[in-house]
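Worksheet: one structure, shown below.
The values are calculated or read from the model by the stated rules, or taken from the named source; none is laboratory data. Computed from a predicted model, the values in this text were never measured in an experiment. Positions of Cβ are backbone-derived with ideal geometry, glycine not excepted, and every protein chain shown enters the neighbour counts. In case anyone asks, the SASA skips ligands and DNA or RNA and just uses the protein heavy atoms, side chains included. Shrake-Rupley method; radii C 1.70, N 1.55, O 1.52, S 1.80 Å.
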Amino acid sequence: MLRCVFSSLGLLVFAASASAGELVVNVSGIRGADGEVGCALHSDAAQFPTGNSGTRTQWTKADTRGVTCRFAGLPSGGYAVAVSHDLNGNRKTDTNLLGMPKEDWGVSNNVRPGLRAPTFKEAKIVVSDSGTSSINVKLGR
């Protein structure tokens, strides 16, 4: 009986992991190898693009050939990705007195509004709970 219970639990765990999606973020436009590139996956519009509450973040050494961030185990739904090339090690996008970024950045759908931050709606991508989705984000200032 106990063996049957553990077998059933194993199947449930496998089924749960098999129904989770993955998002691969390919980042290009990295101008130098100094610092790190951070990818923040947002599911909450109120936190996008600079908030960090409830986000999943990955940091990778900068590479002019590009970097890749992978987010696994995602339930299906709408997400937006914010990417930053952090040059000074504080793990955020530094801004000037007017709030304009001083470090290169990008978001999903490569949205680049003129004088304001991109919105969640503009950068929103849909990830399904099966398979792998892939997006490209180009950094710039």
* **Filtered residue count, the range 36-52, keeping only those that are among the charged types (D, E, K, R) and either loosely packed, with under 13 Cβ neighbours inside 10 Å or under 15 Å from W105 (Cα atoms) (or both)** => 1
* **Scope the range 111-141; condition of a type outside the set (A, V, I, L, M), in contact (Cβ under 8 Å) with a residue 60 or more places away in the chain and over 19 Å from A20 (Cα atoms); matching residues** => P118, T119, F120, K121, N136, K138, G140
* To do: Find all pairs meeting these conditions: Cβ atoms under 6 angstrom apart; at least six residues apart or on different chains; first residue within the range 96-110 and farther than 17 Å from K121 by Cβ and open to solvent by 70 Å² or more (accessible area, probe 1.4 Å); second residue assigned to a loop (DSSP other than H, G, I, E, B) and polar (S, T, N, Q).
  => K102/N96
* Asked: Does V83 qualify as being at pLDDT 95 or above and touching a Pro at 6+ places or on another chain (Cβ under 9 Å)?
  -> no
* For A80, state whether it is touching a Lys or Arg at 6+ places or on another chain (Cβ under 6 Å) and buried (at least 16 other Cβ atoms within 10 Å of the Cβ). => yes
* **Check on A72, touching a Gly at 6+ places or on another chain (Cβ under 9 Å), modelled with pLDDT of 95 or more, more than 15 Å from L139 (Cα to Cα) and among the small types (G, A, S)** => yes
* **Of all residues making up the range 53-75, the number that are among the polar types (S, T, N, Q), out of contact with any helix residue (DSSP H, G or I) (no Cβ under 7 Å at 6 or more places or on another chain) and surrounded by 13 or more Cβ atoms within 10 Å (Cβ to Cβ)** => 4
